[in-house]
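Colleague: I am attaching a structure below and will ask some questions about it afterwards.
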Amino acid sequence: MSMVTTSTGVHAHGFEPLDTTRLSEILREHSRLPWHPLLERSALAEHYLRRWQEAHASMLLSEETSQHLSGCILESLPWDTQLLGMKCGRLFPLSDPSVPRTVDDRMLIDRAVRAMRDDGYRLIDCKIASTDLPLVRTFEDAGFRVVDMLVTMSIERELVQTIAARMQSRIELLGERTLRVDGTVIVRPIEARDFDAMRALARDAFSDTAEIQDRFFLEPAIDHARARDLFEEWFSNAVQKQHRGEGEVLVAELNGQAVGFLTMNAPEPEHHYWQDSLNAIAPAARGKGVYRALLLGTLHVVAARSESLLTRTQISTTRVINSWLHLGASLVESFFTLHYTP
Ligand SMILES: CC(C)(COP(=O)(O)OP(=O)(O)OC[C@H]1O[C@@H](n2cnc3c(N)ncnc32)[C@H](O)[C@@H]1OP(=O)(O)O)[C@@H](O)C(=O)NCCC(=O)NCCS
């Protein structure tokens, strides 16, 4: 099998190194990628170009003679690959959602999948906006299957300030970074003494498919023990990010016990959104308003920095969605995640 080797890495046959000039043009015209309702086109383009350059991504574009552009970006996922024990990659479709689908899309997806399969990929994922059902169907026809549906909710910086001011009476400052919310739940940065219990919670909380429909546990090709490892590692990485100043991990304490956590990624260079990345409350403490308290504590932290907050969650995670929407968040986009497993 032939491959293209460049200074940035090895690209699956048929894929080429990123042509950033061409991609920049494409991204300024087409905006079906996640984040597009939140970022200006130029910021969106910058965001993805930086991300794909850092990931040494490759691209596959349809012939220049085609009536409209069809293309996709391939990002290999070394972290997922290592933890799940199977070669993982992600496709980002680039074609223009305003143009009726042509056979080009299907041919392109088939070419991409063939190349990735030949290159040893065993799990390919892809996120497609739920407003683009024709493309979802094209991916399904090519053998992809829907594994989850996600929504993005955001609270813009001005609203963060307004909500924080409105909620002030429910928050009591116990220390510089420790709050009591609604008189019962203490919200504070994680400490070393919390680490083992919270890591164990991260390991367990996402495997109960009656509680949360997470793609790593719903995908039959993934071993559950490995999916648990992945969440444990995700949590540990979030704590490392906090140490490096790239994020925050808050815990919620109820009756003197740490019963839940919420991890946030700090804003990337192109925007001002803190992103809620992982959160869970221990089963015995659920349904008592602990998550809501943790979210209020989070807003307080973000308000102090004059920044915005967003989260992505499964469409079926009603408690998280309720808390965000009841606080005043906007639901800004929705996606299908699809998997291909040869
Ligand atoms: C989802 C989870 C974090 C919620 O935590 P929680 O402490 O049980 O949630 P709360 O008691 O604070 O309730 C949150 C909101 O849901 C509402 N709610 C409570 N029970 C509910 C139910 N059975 N159905 C719908 N809404 C419910 C509450 O009224 C509250 O809304 P409000 O803030 O507008 O008042 C927790 O159940 C959990 O850890 N689940 C497993 C892991 C997970 O799904 N993580 C989320 C990934 S994004």
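Colleague: Quote to one decimal, in nm, the extra length available between Ala165 and Asp196 on full extension: 0.36 nm per residue of separation minus the C-alpha distance between them.
Modeller: Between Ala165 and Asp196, full extension yields 7.7 nm more.
Colleague: Would you kindly derive the ³J(HN,Hα) couplings of the range 307-315 from the backbone phi angles with the Karplus curve 6.51 cos²θ - 1.76 cosθ + 1.60 (θ = phi - 60°), listing them in order in whole Hz, with x for Gly and Pro?
Modeller: 10, 9, 9, 9, 9, 10, 8, 5, 4
Colleague: Considering the dipole of the range 39-190 built from charges on the beta carbon (Lys and Arg +1, Asp and Glu -1) around the Cα centre, which of Leu159, Ser42, Ser70 is farthest to its positive end?
Modeller: Value: Leu159.
Colleague: Here is a further query. Can you tell me how much longer the chain between Glu158 and Glu172 gets when fully stretched, taken as 0.36 nm per residue apart minus their C-alpha distance, in nm with one decimal?
Modeller: Gain on extension, Glu158 to Glu172, equals 2.8 nm.
Colleague: Right, here's the next one. Tell me, in nm to one decimal, what length is gained between Asp229 and Ala304 on full extension, where the rule is 0.36 nm per residue of separation less the Cα-Cα distance?
Modeller: Separation in residues times 0.36 nm, less the Cα-Cα distance, equals 23.6 nm.
Colleague: Right, next: Would you mind computing, in nm to one decimal, how far apart the modelled labels at Arg114 and Leu331 are, each placed 7 Å from Cα along Cα→Cβ?
Modeller: So the label points at Arg114 and Leu331 sit 4.0 nm apart.
Colleague: How many nm separate the modelled label positions at Asp141 and Arg244, each set 7 Å beyond the Cα in the direction of the Cβ?
Modeller: 4.3
Where a number appears in this text, it was derived from the coordinates with a stated rule and is not lab data. Predicted, not measured: the structure shown is a model, and the values here were computed from it. Here the Cβ is made from the backbone with ideal geometry for all residues, glycine too, and neighbour counts use every protein chain on show.
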